[in-house]
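J.: First the structure, which I've put down as structure tokens, then a few questions once you've had a look.
The values are calculated or read from the model by the stated rules, or taken from the named source; none is laboratory data. The shown structure was predicted, so the numbers you read here are calculated from the model rather than taken from an experiment. No Cβ is skipped: glycine too gets one built from the backbone with ideal geometry, and neighbour counts run over all protein chains shown. Surface accessibility is based on the protein's heavy atoms, side chains included, excluding ligands, DNA and RNA. Shrake-Rupley method; radii C 1.70, N 1.55, O 1.52, S 1.80 Å.
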Amino acid sequence: MSTIRINWRKILILLAIGFLAVQVAGSFFFYDLAIKRGPKEYLEKNADLEVADQTLELYLKGDWRQWVADQKFERMSLTSRDGLQLSGYYLPAAKPTKKLVILTHGYLGNAKQMGLFGQYYHNELGYNIFMPDARGHGKSEGDYYGFGWPDRLDLIDWTDQLVKKLGPDTEVAYHGLSMGAATVLMASGEEELPRQVKAIIADSPYESVYSLFTYQMNRMFHLPAFPLLDGTSMVTKFRAGYSFREASALKEVKRTRIPILYIHGKSDTFVPTEMAEDLYRNTASEKDIFLVAKANHGESFALAGDAYKQKMNQFLNRYVTDKDRVSK
């Protein structure tokens, strides 16, 4: 009997070691798949990222692309708190103004893609605009993607730098898309957020990195979050300095003082609409939400058109006033 008991013990130990090895290997695999800088081929044919022909036409052939190419952006740089050289693009308004919008792009994107919004802010609303490359993207250094969490501090530091450049009476709006939306929300509750930040627009945000990956692992790979996602989070903490659970927009909006407008597609299957609705319900500051019928992830601006701009304008006009210019 004792011999059988010992054999079972060995089998259980071997199974435990094998399970642990699989989890460790899987954690490093998923880190490389999602967090490590580089192309993400698994997203290229993801049905959850399919958009309408109208959206694709705007993204690929819209006149905003030529507008971006024609502008004489001032290239700006920032050394992050952990020593990365970050890049961004500044364009002053045609007429002097205190209004500045910082436009933050999505996962695998780059700064100038936010010219989709920048053209309207600059030409129609008269804003100074700034578009940064998030760490790991575009011209910015970094061998990993921060999904908004380390980026929130970069955003705060960019804001400080721009306020020094433009003056302490600058009025700042943040407008982020997808990962960029999570970035501006993750910055929203920080005590060191500059007082010049007056309004935030978050288009297609997620609640937290953990909740996003929980959803994506189930939808794309039919895997439960625990324990593989927790293992990947540990690898990310070691390699990139943040964990998935701490990277929470939900936590930040519960203590924010900045008014927030949430925008989300009702047909978003990549980042479910319920995440924006939950963020909205839990926001401590003044808030509004605009849900766009039939819009998938990040295509509300393309499909809603004038309604999107009208909602955005009404919101911004309440909080970004440019008092000096109005008084004249």
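J.: Give the peptides 163-172, 231-240, 48-57 in descending order of average Cβ contacts within 10 Å, highest first.
T.: Per-residue mean Cβ counts within 10 Å order the peptides as 231-240, 163-172, 48-57.
J.: Hey, what did the stretch 236-306 get for relative contact order, percent, Cα under 8 Å, at least 6 apart?
T.: Across the stretch 236-306, relative contact order equals 35 percent.
J.: Can you tell me the FRET efficiency between Gln314 and Glu192 if r is taken as the Cβ-Cβ distance and R0 is 30 Å, rounded to the nearest 0.05?
T.: So the FRET efficiency works out to roughly 0.55.
J.: Something else now. Ranking request for peptides 63-74, 173-184: highest mean number of other beta-carbon atoms within 10 Å first, then the rest in descending order.
T.: Highest to lowest by the protection proxy: 173-184, 63-74.
J.: Which entries of Lys36/Lys251; Lys36/Lys309; Lys99/Lys287; Lys61/Lys266; Lys98/Lys287 show an alpha-carbon separation above 31 angstrom in the structure shown?
T.: Too far apart for the 31 Å limit: Lys36/Lys309.
J.: Take the alpha carbon atoms of the stretch 227-301, find their center, do the same for the stretch 70-85, and report the distance between the two centers in whole angstrom.
T.: The stretch 227-301 and the stretch 70-85 have Cα centres spaced 26 Å from each other.
J.: Separate question: At a threshold of 8 angstrom on Cα-Cα distance, excluding pairs fewer than six apart, so keeping six or more, what relative contact order does the chain reach in percent?
T.: Reported as a whole number, the value is 17 percent.
J.: Write down, largest first, the equivalent ellipsoid semi-axes of the chain in whole Å, where each equals the square root of 5 times an eigenvalue of the alpha-carbon gyration tensor.
T.: 39, 21, 19
J.: So between Glu274 and Gln71, what do we pick up on full extension, going 0.36 nm a residue minus the alpha carbon distance?
T.: The Glu274-Gln71 span can extend by a further 69.3 nm.
J.: If I compute solvent accessible area with a 1.4 Å probe over the protein chains, what percent of it on the chain is carbon and sulfur?
T.: 55
J.: Also: Asn282: net charge of surrounding residues, Cβ under 13 Å, Lys/Arg +1, Asp/Glu -1, itself excluded?
T.: Result for the neighbourhood of Asn282: 0.
J.: Another question, then. Rank-order 101-112, 305-316 by packing density, defined as the average count of other C-beta atoms within 10 Å over each peptide's residues, highest first.
T.: 101-112, 305-316
J.: Additional query: Could you tell me how many degrees, from 0 to 90 and to the nearest 10, lie between the Cα long axis of helix 149-166 and the main elongation axis, the longest principal axis, of the Cα atoms of the chain?
T.: Around 20 degrees separate the two axes.
J.: For the pair Asp63/Ala307, report the inter-label distance in nm, with labels modelled 7 Å from Cα in the Cβ direction.
T.: Placing both labels 7 Å beyond Cα along the Cβ direction yields 2.4 nm.
J.: Tell me, what is the FRET efficiency for Lys139 and Ser267 to the nearest 0.05, using R0 = 30 angstrom and their Cβ-Cβ distance as r?
T.: 0.35
J.: Provide the per residue accessible area, probe 1.4 Å, for the stretch 1-140, rounded to a whole number of square angstrom.
T.: 58
J.: If the only charges are +1 at each Lys and Arg Cβ and -1 at each Asp and Glu Cβ, what is the size of the charge dipole of the stretch 79-232 around the Cα centre, to the nearest 20 debye?
T.: The calculated dipole for the stretch 79-232 is roughly 500 debye.
J.: Could you give the semi-axes, largest first, of the ellipsoid that matches the stretch 1-132, computed as the square roots of 5 times the alpha carbon gyration tensor eigenvalues and rounded to whole Å?
T.: One finds semi-axes of 52, 20, 11 Å for the stretch 1-132.
J.: Another question, then. Given R₀ = 41 Å, what would the calculated FRET efficiency be for Thr321 paired with Arg9, taking r from the Cβ atoms and rounding to 0.05?
T.: According to the calculation, E is roughly 0.05.
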